[in-house]
1. Please state the relative contact order of segment 150-264 as a whole percent: Cα pairs under 8 Å, 6+ residues apart?
2. Which whole-number percent gives the relative contact order of the chain, counting Cα pairs below 8 Å spaced six or more residues apart?
3. Highest mean first, what order results for 101-110, 7-16 on Cβ atoms within 10 Å?
4. Under 11 Å from a point 7 Å along the Cα-to-Cβ line of GLU144: which residues of segment 249-280 have their amide N that close?
5. Give the calculated FRET efficiency between ALA196 and LYS153 to the nearest 0.05, with a Förster radius of 35 Å applied to their Cβ-Cβ distance.
6. Sequence gap at least 6, Cα distance under 8 Å: using those rules, report the relative contact order of segment 249-397 to the nearest whole percent.
7. Shape of segment 249-397 from its Cα gyration tensor (a ≥ b ≥ c, root eigenvalues): rounded if a/c is under 1.5, otherwise prolate when a/b > b/c, or oblate?
8. Of VAL298, VAL341, how do they rank once you tally other Cβ atoms within 10 Å and put the fewest first?
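Each value in this text was obtained by applying a stated rule to the coordinates, not by laboratory testing. The shown structure was predicted, so the numbers you read here are calculated from the model rather than taken from an experiment. Backbone-built Cβ (ideal geometry, glycine too); neighbour counts: all protein chains shown.
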Amino acid sequence: MNIHEYQAKELLAKFGVPIPQGIAALTVDEAVAAAGKLPGPLYVVKSQIHAGGRGKGKFKELAPEAKGGVRLAKSVDEVRAHATDMLGNTLVTIQTGDAGKQVNRLYVTDGVDIGKEYYLSMLVDRATGRIAIVASTEGGMDIEAVAHDTPEKIFTITVDPVAGFQPHHGRAVAKALALSGDLAKQCQTLTGQIYAAFVALDCEQIEINPLAESGGKLMVLDTKMSFDGNAMFRHPELVPLRDETEEDAMELEASKYDLAYIKLDGDIGCMVNGAGLAMATMDIIKLNGAFPANFLDVGGGASKEKVTAAFKIILADPAVKGILVNIFGGIMRCDIIAEGVVAAAREVKLAVPLVVRLEGTNVAEGKKIMAESGLPIVSADNLGDAAQKIVAEVKKAA
Ligand code: ADP
Ligand code: MG
């Protein structure tokens, strides 16, 4: 689960991490009022979307030469002008894709006179099974380019989860950032605080870019934070931070029915039980020269309600030109699944070809139910047959 910059900053501040003052705003008036509460005279108005690269981003609705999604303001009037430009408009950055993201919230924060920008992040490193700290002197807006062009400027330090964060980790980060004296001390403290937040909140990633030096002080100017979804039950306090407007509408709908759904680029919708079978189904569609429109695992207990919800989700995607249902009835009997598929196909008034491959308990009864339904359901005998049939049906319909 991802959260907004202002929410991440509020969380980090609780661990003692130095953050400039700032206030979130949902309207232009709120943004102006927020600026009025900050010391000024320099403010920064920041678009809050779940994507980075905002500073260099462009608004679809504004002239190409208009400024990006993070703007400096020298007066409250400028804050008003920037807020008016941003709210409700679509910001396109290197991380949003061409569709961009609508800006519904702003963060108005103290403008800082930056001496130097650094990069500091923490993430779960699956290869070592540890939390990795990544640090670079080349902070700012283009860390991807640094990683690509000058990878030697990026340092990685891993922390043994049993021993936890030790002073030497802090010293190693300060050294990687070429800091000395008091700045090195601040860096050590701050790195320990971020590590503590990472562990306490079950984070997947905390990225700080830039970590800035200003007037001899280190502070966090931008941060991205995401949590391990599997650990959310331990953090009821984090649940309200979820912003559903930032999530894919269909993935959100699927999560309500406990369906594992991920939208993909192809045109064959897949409904499968079990992640392994879903992967195999996607592979075999590709082997037959087509592409899956989604990954969808209806899980072990594929009830009629789940099957119907899954059908609706698949069909809500205009790219879908045909559906392949591939279900193994082990605990769940094939006749029950067939009834579910038939009922769902009737309810959603299916208008694209549907190929169903059932295997397992009561498979003969299941096939009979589909054959006698009067619906144009194509039955398949095995995985290879199913993939060939759906690809052929989609080509025929095109
Ligand atoms: P993004 O990474 O999405 O582009 P940032 O918050 O990193 O957004 O902002 C982009 C740049 O704007 C930063 O690299 C920094 O130079 C500048 N900036 C961000 N916040 C402040 C601030 N509070 N004061 C001064 N400059 C800032
Ligand atoms: Mg940034």
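1. Details: 94 pairs, mean separation 16.0, N = 115.
It comes to 14 percent, rounded to a whole number.
2. On the way: 817 pairs, mean separation 48.4, N = 398.
Dividing the mean separation by the residue count of the chain yields 12 percent.
3. Numbers: 101-110: 21.5, 7-16: 18.6.
Put in order of decreasing packing, that is 101-110, 7-16.
4. Those under the cut-off are none; the list is empty.
5. Numbers: r = 27 Å, r/R0 = 0.77.
After rounding to 0.05, the efficiency reads 0.85.
6. On the way: 312 pairs, mean separation 35.3, N = 149.
Over segment 249-397, the number comes to 24 percent.
7. On the way: a/c = 1.29, a/b = 1.10, b/c = 1.18.
Rounded.
8. Numbers: VAL298 27, VAL341 30.
With the fewest neighbours first, VAL298, VAL341 line up as VAL298, VAL341.
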